[in-house]
Amino acid sequence: MNTDETALIDGCFSVMEQKWGTWVSESKDGEKLITSTTCALCVDATRWYLKQRQERFTDSVSTYDGQGNGKP
């Protein structure tokens, strides 16, 4: 993706439709970030991803242990 041809969103990334109908975001440096089914979802997901990466949020959060322990 050429950032000269595609406007930067929030000054950080660009979004471009691929030939098969999905959307991909790319950083100013050319790093592929997010692939999505619509442009709006790609923009939202990329904003969330970059915010989490900036805040160094890399741990997944899960409280589900997969065991029922006989509880209804």
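The values are calculated or read from the model by the stated rules, or taken from the named source; none is laboratory data. What you are looking at is a predicted structure, and each value in this text was computed from that prediction instead of being measured. Counting neighbours? That spans all protein chains shown, and the Cβs are built from the backbone with ideal geometry, glycine included.
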Return yes or no: is Arg47 of a type outside the set (Asp, Glu) and at pLDDT below 90?
no
So which of Asn69, Asn2 ends up being at positive phi and at pLDDT below 90?
Asn69
Does the stretch 19-38 contain at least one residue that is surrounded by 10 or more Cβ atoms within 10 Å (Cβ to Cβ) and modelled with pLDDT under 90?
no
